[in-house]
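Throughout, read-outs are computed from the coordinates displayed, never taken from laboratory work. No experiment lies behind these values; they were computed from the predicted model shown. Note that we place each Cβ from the backbone using ideal geometry, even for glycine, and neighbour counts take in every protein chain shown.
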Amino acid sequence: MNFPSFSLAGKNAVLVGAGRGIGYTLALGLAQAGADVVVASRTITELEDLAGRIRHMGRRCLPHPVDVQKLNSIEALQKAAETELGPVDILVNNAGGNVNQSALEVTEESWDLILNTNLKGLFFCSQTFGRQMLNRGRGKIINISSTFGLVGFKNRASYASSKGGVTQLTKVLAIEWSKSGVCVNAIAPTAVHTPMNEKLFSDPEWRKDVLSRIPIGRFCEPVDLVGPMVFLASSASDMVTGITLPVDGGWTAW
Ligand SMILES: NC(=O)c1ccc[n+]([C@@H]2O[C@H](COP(=O)([O-])OP(=O)(O)OC[C@H]3O[C@@H](n4cnc5c(N)ncnc54)[C@H](O)[C@@H]3O)[C@@H](O)[C@H]2O)c1
């Protein structure tokens, strides 16, 4: 019997939003599992240290700037990835942002920023890389959603709308593309201490409230997301598509 493999050896992966926080660790996780990795973020400078670490692990690595709010920037990333490393097998859509505001405080500017980064950017990355994957008849796309793509929370009108959109988009792309060999799934992490939510983590009331909702009793660490990502990127998950996998210590089990 041929048991499935979790190895990513020989695969080319693109990690969008790799400069810091969750994406930084996920990029190392892809390399650890054997993949060569294109690491992309808004600025090239935030990627230099990461690229050095990945090369030190014996993998090829291309750091490349991208602004996911701009389609021509995504297309430039795709071309560079293919030229430097070859056809892309795995795309991890991790770029994202958040502005905590009550619904009445949300401005047109903050709404556009969050939705254009978290949902529009993720869609056009998927479309651009998905097109090439469909031409080859294989590929894995992994979208980083959030617990707030599955349940609501105060002060998250724009963020939860964007992540709820990611959950739905993941299903639609899976329905359209899976038969042609491209599986599309999402991961929904609960709160992780990263630069994005530095301020929240310094608020004891917020920490207490959030921890009370997590049955496992601790916050998520970036490394907790590596196993689920490698599973969804590898042939071990070939029958899995369209799901949003919560990595939330049980928050959504309530
Ligand atoms: N931190 C959490 O608690 C948490 C929980 C659930 C989901 N998430 C999601 O995980 C992902 C990463 O979050 P994080 O906490 O590591 O955030 P972060 O702010 O620490 O890092 C975000 C990364 O995305 C990049 N980025 C942002 N806008 C971009 C753009 N327009 N184009 C290209 N790159 C861009 C940044 O340069 C950075 O490298 C996000 O999608 C976030 O919504 C985070």
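Some points to look at:
- Karplus-based coupling profile of the stretch 212-220, in residue order and whole Hz: 5, 9, 10, x, 5, x, 8, 6, 7, with θ = phi - 60° in 6.51 cos²θ - 1.76 cosθ + 1.60 and x standing for Gly or Pro.
- Between residue 186 and 143, 243, 244, 245, the built amide H atoms are under 5 Å apart, and every one of these is 5 or more places off in sequence or on another chain.
- Positive dipole terminus of the chain, leading residue within 37, 148, 77 (C-beta point charges): 37
- Karplus 3J(HN,Hα) series, Hz, for the stretch 150-167 with 6.51 cos²θ - 1.76 cosθ + 1.60 (x for Gly, Pro): 10, 10, x, 7, 5, 6, 10, 4, 6, 5, 5, 5, 5, 6, x, x, 5, 4
- Over the chain, dividing the summed -39,500 (n - 2.57) contributions of all DSSP H runs of at least 4 residues by the number of residues returns a 222 nm mean residue ellipticity of -12000 deg cm²/dmol.
- Close amide-amide hydrogen proximity is noted between residue 8 and 34, 35, each under 5 Å apart and 5 or more residues distant or on a separate chain (H modeled in the peptide plane; Pro and chain starts excluded).
- If only the Cβ of Lys and Arg carry +1 and only the Cβ of Asp and Glu carry -1, the dipole of the stretch 188-254 around its Cα centre is close to 120 debye.
- Net charge contributed by nearby residues that have their C-beta within less than 14 Å of residue 216 (K/R +1, D/E -1): -1
- Radius of gyration and Dmax over the Cα atoms of the chain, both given in Å: 17.3, 58
- About its Cα centre, the chain has a charge dipole of approximately 520 debye under the convention of +1 per Lys or Arg Cβ and -1 per Asp or Glu Cβ, with nothing else charged.
- Selection from 13, 118, 206, by position along the positive dipole direction of the chain (Cβ): 13
- Pair-distance distribution P(r) for the stretch 102-186, from all Cα-Cα distances in 10 Å bins starting at 0: 19, 44, 25, 10, 2 percent.
- Applying the criteria of a DSSP loop state and at most 13 other Cβ atoms within 10 Å to the trypsin sites (Lys or Arg not before Pro) of the stretch 93-191 yields 154.
- Simple Cβ-charge dipole of the stretch 1-136, Lys/Arg +1 and Asp/Glu -1, about Cα centre, in debye nearest 20: 540 debye
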